[in-house]
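The values are calculated or read from the model by the stated rules, or taken from the named source; none is laboratory data. None of the values given here were measured: they were computed from a predicted structure. Note that we place each Cβ from the backbone using ideal geometry, even for glycine, and neighbour counts take in every protein chain shown. Note: areas computed on protein heavy atoms with side chains; ligands, DNA, RNA excluded. Shrake-Rupley method; radii C 1.70, N 1.55, O 1.52, S 1.80 Å.
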Amino acid sequence: MKTKGKKERTGFAAARIRAVLAVISCIALAPALTGCGLMPKEEELPKAPVMAEGQSQTYTLAQAVKGNVIVSDNVRVSYVPASSEKLSFSEGGEYVRHVYVKAGDKVKAGDVLMELDLTDINEQIQDQQDQLDQLTLSLGQLQESEEVDLEEARLKDAGNPNQTVSNETTVSEQYTTQESMLTNSIQVGQARLEELKAKRAKRQIIASIDGTVTYLYQYDQWEATEKDKQVAVISNMDMALFEAYSDNAAILTPGQTYTVTCGDKELQAVARTGKELNYSSLKPDSIYLQLTTPDPELSEGDKGTVSIVKEQSLDTLVVPSDAVEKQGDKTIVYVLNDKGYKEAQTVTCGLDNGTVVEIVDGLEEGQTIVMP
């Protein structure tokens, strides 16, 4: 029984070895079989189709059209009102009680633009003014009485020339004392009144020059003041100026009118020298542009430009400047031919402002241009 079991195990092991060798043989022969077509090939992915050269190209197109070529210089300018004042409250933490103007309003020196609550101080000023008026009235009445009494004293003195002290002297001394007391009271009252007015002025925004309100801060309903915060600007619009500050400012001719482009505004202004304008805050040798019609919406420092035309060609054939190329001694533009391909075409150019170029010869209006 033991001998039989041993033989069975030996036979089973031999079968396993033969199976492994068969697999190894198949693997070794696989390349040869594949090459002979005896084994199936791996599936091949289809290749991308070959495209014609023109099919892979895309163009940006333009047209040769009639237009204007203007070559110009831009002079940079900055708004500098020759006379202006910036106003602020000297007290903070208060609510604005009254606003009497709006931006664009013309004002005179001394006009009140806005103010805080003045109820108590106005009452004090009125009381002080009433006292002063009463004192001034009393002084006037005293002086009138003095004239009458002095006249009577002179008459008495005329009838009694030998008296030691004249009646006129006695009366004059009496009135001098009273007048001195009243005069001192008036001076003290006037000083007090000026103090109260100064206190009120600190609670007001008051114009100190004639001009136009070019800026006015808009307070919210419950917004308190901030000390020294700018709340208003008044400018003398008769001297509303742009200063030319770029290096090419000299191309502006004094006395000539120019258009100043400032944001979306186009403003007419006359070129002047600082010396000609004769204003202390201006530079004598600088060029300024004085607005013919002041614009209260302008603020100090607003930037603008003045375009000066150097050359121009109007109603001429133009193409984009980027469409023109130099190839050796030739100037070319690519056009779209009848087959939809681009081809070079020699052209003769005129003025070029960097945006469009004038085509003097070589193209016809309406031709399609291929941009590089």
### Summary
Apart from one, (1) open to solvent by less than 40 Å² (accessible area, probe 1.4 Å); (2) under 26 Å from residue 233 (Cβ atoms); (3) without any contact (Cβ under 8 Å) to a residue 60 or more places away in the chain all hold for residue 331; the odd one out is (2)
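Name every residue in region 205-233 that is assigned to a strand (DSSP E or B) and under 16 Å from residue 115 (Cβ atoms), in order of residue number. Break it down into steps so the answer makes sense when it comes.
Taking region 205-233 first, the residues assigned to a strand (DSSP E or B) are 205-206, 211-216, 224, 230-233.
Residues satisfying the conditions are 205, 206, 213, 216, 224, 231, 232.
Taking region 85-103 as the search range and keeping residues that are among the hydrophobic types (A, V, I, L, M, F, W, C) and in a loop (DSSP other than H, G, I, E, B), which one is least open to solvent (accessible area, probe 1.4 Å)? Steps first, answer last, please.
Step one: list which residues in region 85-103 are among the hydrophobic types (A, V, I, L, M, F, W, C), which gives 87, 89, 96, 99, 101, 103.
Right, trim to in a loop (DSSP other than H, G, I, E, B) and you get 89, 101, 103.
Numbers: 89: 1, 101: 27, 103: 65 Å².
The extreme case among them is 89.
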### Query
For region 259-277, how many residues are open to solvent by 50 Å² or more (accessible area, probe 1.4 Å) and either in a helix (DSSP H, G or I) or among the acidic types (Asp, Glu) (or both)?
4
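Please count how many residues of region 234-258 are assigned to a loop (DSSP other than H, G, I, E, B), surrounded by 14 or more Cβ atoms within 10 Å (Cβ to Cβ) and at pLDDT 90 or above.
Taking region 234-258 first, the residues assigned to a loop (DSSP other than H, G, I, E, B) are 236, 240, 245-248, 252-256.
Those still in the list that are surrounded by 14 or more Cβ atoms within 10 Å (Cβ to Cβ) too: 236, 240, 245-246, 252.
From what is left, the residues that are at pLDDT 90 or above are 245-246, 252.
Summing the residues that are assigned to a loop (DSSP other than H, G, I, E, B), surrounded by 14 or more Cβ atoms within 10 Å (Cβ to Cβ) and at pLDDT 90 or above in region 234-258 gives 3.
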### Message
Anything in region 64-78 that is open to solvent by less than 70 Å² (accessible area, probe 1.4 Å), in a strand (DSSP E or B) and touching an Asp or Glu at 6+ places or on another chain (Cβ under 7 Å)? List them, or say none.
### Response
65, 69, 71, 77, 78
### Summary
Matching residues in region 297-321 (more than 25 Å from residue 71 (Cα to Cα) and touching a Phe, Trp or Tyr at 6+ places or on another chain (Cβ under 9 Å)) number 5
### Pairs, first under 25 Å from residue 126 (Cβ atoms) in region 196-213, second open to solvent by less than 30 Å² (accessible area, probe 1.4 Å) and among the small types (Gly, Ala, Ser), C-beta under 7 Å, six or more apart
205/232
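For residue 280, indicate whether it is open to solvent by less than 30 Å² (accessible area, probe 1.4 Å) and outside any strand (DSSP E or B). Quick ask: steps written out before the conclusion?
On the way: open to solvent by less than 30 Å² (accessible area, probe 1.4 Å): no; outside any strand (DSSP E or B): yes.
No, not satisfied.
Of these, 165, 148, which one is in a loop (DSSP other than H, G, I, E, B), out of contact with any His (no Cβ under 6 Å at 6 or more places or on another chain), loosely packed, with under 15 Cβ neighbours inside 10 Å and not basic (Lys, Arg)? Lay out the reasoning, then the answer.
Details: 148 fails: in a loop (DSSP other than H, G, I, E, B).
Sole residue among the options that is in a loop (DSSP other than H, G, I, E, B), out of contact with any His (no Cβ under 6 Å at 6 or more places or on another chain), loosely packed, with under 15 Cβ neighbours inside 10 Å and not basic (Lys, Arg): 165.
Within the bounds of region 187-197, is there any residue that is open to solvent by less than 80 Å² (accessible area, probe 1.4 Å) and either over 30 Å from residue 147 (Cβ atoms) or within 41 Å of the chain's Cα centre (by Cα) (or both)? Can you show your working first?
Narrowing region 187-197 to residues open to solvent by less than 80 Å² (accessible area, probe 1.4 Å): 189, 191, 193, 196-197.
Now narrow it down to the ones that are either over 30 Å from residue 147 (Cβ atoms) or within 41 Å of the chain's Cα centre (by Cα) (or both): 196-197.
Looking through region 187-197, at least one residue is open to solvent by less than 80 Å² (accessible area, probe 1.4 Å) and either over 30 Å from residue 147 (Cβ atoms) or within 41 Å of the chain's Cα centre (by Cα) (or both).
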### Message
For region 104-125, give me the residue count where each residue is within 16 Å of residue 198 (Cβ to Cβ), open to solvent by 30 Å² or more (accessible area, probe 1.4 Å) and part of a helix (DSSP H, G or I).
### Response
3
